[in-house]
Amino acid sequence: MTRGSKDAPASVLAERRVHLQRVLGRALAPRDAASTERLPEHIRRHLVEEAEDLYWNELEWENVTAEEALDEGSLTELAFPAFLAFVDALLVTDPISDLPVEPVPRVDVVGDILRFLADRVLELRPQREPGPDGDREARAELAMATRLIDLVLYRLYGLTSEEIEQVEASGASDDGR
């Protein structure tokens, strides 16, 4: 990996959180974090691997089809629908009728998924410099991975649509800088 230290992914995520807090003017805490119990490591790892598979599959589909491509980049929300739906399912708090048990948000797993995305951002940053066409895909992935971090953080912290609009208007989603 090209990241500089073991704590570099945490630094990327902390930077994003601090920006969100500054724009919103309030501290952020994961919704229902107090009720979250940690899963056994093998189950947690399995869920993270499923999220990683969704990421790679949807990224490849976007690279092949360019269905969500725009002149200024891709519509990340539309390019990664299953990935984002998976995150939503991990954070579910509303009881679904006829379920025998209450849903338990898996904040720990979402944290691992965020670290995976931060790792991708760190790996892609050196490749974003202008260059041959091969670098164009790396720049596009960097922008999408950075945007995914923001989209997952919005979900993790339960931002309202008004708060998301406020953050988006502030320019919180950057291109991986």
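Every number in this text was worked out from the coordinates using simple rules, so none of it is lab data. This structure is a prediction, so every number in the text was calculated from the model and none was measured.
Report the full-extension gain for the segment Leu78 to Thr65: residue separation times 0.36 nm, less the Cα-Cα distance, to one decimal in nm.
Roughly 3.4 nm would be gained on extension.
Val23 to Arg115: extension gain in nm, 0.36 nm per residue of separation minus the Cα-Cα distance?
In short, 30.9 nm is gained.
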